[in-house]
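Peer 1: This is the structure I have questions about; it appears just below.
No value in this document is a laboratory result; all are computed from the given coordinates. It should be emphasised that the depicted structure is a prediction, and the values quoted were computed from it without experimental measurement. Here the Cβ is made from the backbone with ideal geometry for all residues, glycine too, and neighbour counts use every protein chain on show.
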Amino acid sequence: MSVRKQQLLKQHRRNKRIALLAIIMGLLLLGFIAPLWLLPLAVLLVWVVHEAWFADHLFYSPQDDYQYRFPDGVQPLSLRLVNGRLQLQESSLAQQATVIAKVQINSSWLGRWFDPSICIGNDQQTFERGAHGVRYLNLTGQVEALTTAGLAVQGRFCSIATQIQLYVFTQPSPTAGNMMILAPHADDAELAAFGLYSGANNVSIVTLTQGEVEAEYYQRLGLSQQHAAQLKGRLRAWDSMAIPLWGGVAQTHCVQLGYYCMQLPKMAKQPDVPFASQQSAEADIRTARRHNTIQLPGDATGLPTWQNLLADLAACLMHFKPDVLVMPHPEIDPHADHIATT
């Protein structure tokens, strides 16, 4: 954890202790001067207020500036917000260009209780409560309006400085080439990239694990933990092959590798050691591969080892030959399996 995060966490815990002490004193006072039936209602109200307004900002401060790193050579264009409209006198921008506006915002007092947002053109972009400082607006897709009539800009629970910098650059569209999505678990491809891959022409999805853990709901069917995990693993493995059909990805372009949840980091540390499921007691990844249409190196032994995983991924890369790989970002996504996937 970074020093900044440690400082913010320490500050958050200190404020929590102070608030908790004040709440306890207030509840004790309420117990003396008000009917007892008001006490549980007050506790419930305090909990609702905490969850609605004070449960955020553990590891960052809304007062901090956002920091983006753009491609080398991209020079910002200086603009001004005039009469609530943002207009660029530059007609040579490509319609598919990526356009990012750097703005300075300041939340109003209502913006400390409700999420502040900025309505710009046909889009609305929302920020954290109490946001103050540099933020970035994605104007991609609104180039025509930006260079003609201009984009109407209006802050909700926040104000915007009139000085704005615009970053314009072009990137090859990831949907134009052959795309492969590496999903740590079934449904990760949909949660993170369904909008992306459903608009692409040539997509393959490789799911690394079965997703068999945390099968408590399946135990309500009268199953043991082991059998519940096995059932969940089978269903989620099937999901990883079937759900992409809704996004236009054929089953022949979906691969389920069948490794086990929460075991990838351990596998990486001991590449030759098989790591069975923590809950289903299974140790043969071939049980989840029955719907695959391609042969993989791991099919020979079925052992859940890191060496087999690397060989399977290499085989998928050679088979589908992707131009673009989509995978979790290790700094944004803290899940251990997601980090190991990347």
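Peer 1: Using the Cα atoms of the stretch 143-206, I'd like the radius of gyration and the largest Cα-Cα distance, Dmax, both in angstrom.
Peer 2: According to the Cα coordinates of the stretch 143-206, Rg and Dmax are 18.0, 46 Å.
Peer 1: How large is the charge dipole for the stretch 178-341, taken about the Cα centre, if only the Cβ atoms of Lys, Arg (+1) and Asp, Glu (-1) carry charge, to the nearest 20 debye?
Peer 2: Details: 10 positive and 16 negative charges, 73 e Å.
So the magnitude is around 360 debye.
Peer 1: Counting only residues 5 or more places away or on other chains, whose amide H sits under 5 Å from the amide H of Leu86 once H atoms are built in the peptide plane?
Peer 2: Leu151, Ala152, Val153
Peer 1: Kirkwood Rh and Cα-based Rg: tell me the resulting Rg over Rh for the stretch 242-310, rounded to two decimals.
Peer 2: Working: Rg = 13.0 Å, Rh = 12.8 Å.
Computed over Cα atoms, the ratio is 1.01.
Peer 1: Continuing with the same structure: Name the residue from Phe275, Leu139, Pro174 whose Cα lies farthest towards the positive end of the charge dipole of the chain, charges +1 on Cβ of Lys and Arg and -1 on Cβ of Asp and Glu.
Peer 2: So the residue furthest toward the plus end is Leu139.
Peer 1: Averaged over all directions, how much area does the convex hull of the C-alpha atoms of the stretch 178-341 cover when projected, in nm²?
Peer 2: Working: hull surface 36.3 nm².
So the mean shadow area of the Cα hull is 9.1 nm².
Peer 1: As an exercise, use a Förster radius of 56 Å and the Cβ-Cβ distance of Ala42 and Gln75 to find the FRET efficiency, rounded to the nearest 0.05. It would help to have the intermediate numbers written out before the result.
Peer 2: Working: r = 57 Å, r/R0 = 1.01.
It comes to 0.50.
Peer 1: Which listed residue (Thr162, Phe32, Phe194) has the Cα farthest towards the positive end of the charge dipole for the chain, taking +1 on Lys and Arg C-beta and -1 on Asp and Glu C-beta about the Cα centre?
Peer 2: In the chain, that residue is Phe32.
Peer 1: Once the cut-off is 36 Å, how many percent of the Cα-Cα pairs in the chain end up in the long-distance tail? Working shown, then result.
Peer 2: On the way: 25704 of 58311 pairs.
Value for the chain (Cα pairs over 36 Å): 44 percent.
Peer 1: Same structure, new question: Using θ = phi - 60° and the Karplus curve 6.51 cos²θ - 1.76 cosθ + 1.60, what whole-Hz ³J(HN,Hα) does each residue of the stretch 334-342 get, with Gly and Pro shown as x?
Peer 2: x, 4, 4, 5, 5, 5, 5, 4, 6
Peer 1: If I take R0 = 45 Å and measure r between the Cβ atoms of Phe169 and Leu9 in this structure, what FRET efficiency does the formula 1/(1 + (r/R0)^6) give, to the nearest 0.05?
Peer 2: Details: r = 36 Å, r/R0 = 0.79.
The pair Phe169/Leu9 has a calculated efficiency of 0.80.
Peer 1: Ok, one more. Between Arg85 and Ala314, what is the label-to-label distance in nm when each label sits 7 Å out along the Cα-to-Cβ direction?
Peer 2: Rounded to a tenth, the inter-label distance reads 6.0 nm.
Peer 1: Show me the helices of the chain, taken as full DSSP H stretches, that run 18 Å or more along their long axis by Cα and average -0.5 or above in Kyte-Doolittle hydropathy. The partial results should precede the final answer.
Peer 2: On the way: long enough: 3-33 (45 Å, 0.43); 38-53 (22 Å, 1.83); 225-242 (25 Å, -0.86); 306-320 (21 Å, 0.88).
Counting only whole DSSP H runs, the qualifying helices are 3-33, 38-53, 306-320.
Peer 1: Positive end of the charge dipole of the stretch 277-337 (Lys, Arg +1 and Asp, Glu -1 on Cβ, about the Cα centre): tell me which of Gln307, Ala336, His319 has its Cα farthest that way.
Peer 2: His319
Peer 1: For the stretch 105-122, take each phi angle, set θ = phi - 60°, evaluate the Karplus expression 6.51 cos²θ - 1.76 cosθ + 1.60, and give the result in whole Hz per residue in order, putting x for glycine and proline.
Peer 2: Along the stretch 105-122, the couplings run 10, 9, 5, 7, 5, 5, x, 8, 10, 10, 5, x, 8, 10, 8, 9, x, 9 Hz.
Peer 1: At q = 0.14, 0.17 Å⁻¹, what base-10 log of I(q)/I(0) does the Debye formula yield for the stretch 84-199 when every alpha carbon is treated as an equal point scatterer in vacuo?
Peer 2: -0.73, -0.93
Peer 1: Measuring from centroid to centroid over Cα atoms, what is the spacing of the stretch 106-130 and the stretch 218-255 in Å?
Peer 2: Result: 39 Å between the Cα centres.
Peer 1: Expected output is a single nm value to one decimal: the length gained when fully extending between Thr126 and Ile332, i.e. 0.36 nm times separation in residues minus the C-alpha distance. What is it? Mind dumping the intermediate values first?
Peer 2: Working: separation 206, 0.36 × 206 = 74.16 nm, distance 1.85 nm.
The Thr126-Ile332 span can extend by a further 72.3 nm.
Peer 1: I would also like to ask the following. Using a 10 Å cut-off on Cβ atoms, rank the peptides 195-206, 67-78 from the highest mean neighbour count down. Present the calculation step by step, with values, prior to reporting the outcome.
Peer 2: Numbers: 195-206: 19.2, 67-78: 9.8.
In descending order of packing, they fall as 195-206, 67-78.
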